[in-house]
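Notes to accompany the following structure.
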């Protein structure tokens, strides 16, 4: 069975999860330990099996191919949703970001998401975007991470900047949530649970996504077992 033939089941799974989370809004900070994270898996088209995909394998794969596995590469896919075109739907468990398109289609991108203790789910919007943005770590990160502390006043944009080539700043109402969808200086991490809560994409993909979306676009983040800040 091909990847495209399996997509309707995945879409139905996203739809079921969406019903559980549509009434939830995400804001600034994830709190507390989460349930154990499931191991990332990718589909091996040669053996027709699902195989584990961890940090070591990700580094090795990217070193050989200079790109992530096929499943995490940008591609059009069938996608059923009641949300209008231009909506971003993030399936954190599967490590996919969907940009809804007309006619029951979406553009699917591979993503990296929050590691254990930093995942979240909710409904936000794109408040603004930036090209080669400055990275200013939040106070919580400065307190726990010495490497972040040296950039407490801001790290200029550039190839080594953790936010990569573009950033989509996620707002709840008119307030910045501190979460972003952004590029990365570590493209091998796409498909993994690695971040402090932001959604990361490879730089080519975030540039493509930023070129397609409008300010104010709705962003639905789904992640089973993740922190949910409050209900509506």
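Read the figures in this text as sums done on the coordinates, not as results from a lab. Only a predicted model underlies this, so the values are computations on that prediction, with no experimental measurement involved. In this analysis, Cβ positions are derived from the backbone assuming ideal geometry, glycine residues included, and neighbour counts consider all displayed protein chains.
Taking other C-beta atoms within 10 Å as the exposure proxy, 132, 50 rank 50, 132 from fewest upward. Distance from the alpha carbon centroid of segment 96-137 to that of segment 153-232 works out to 5 angstrom.
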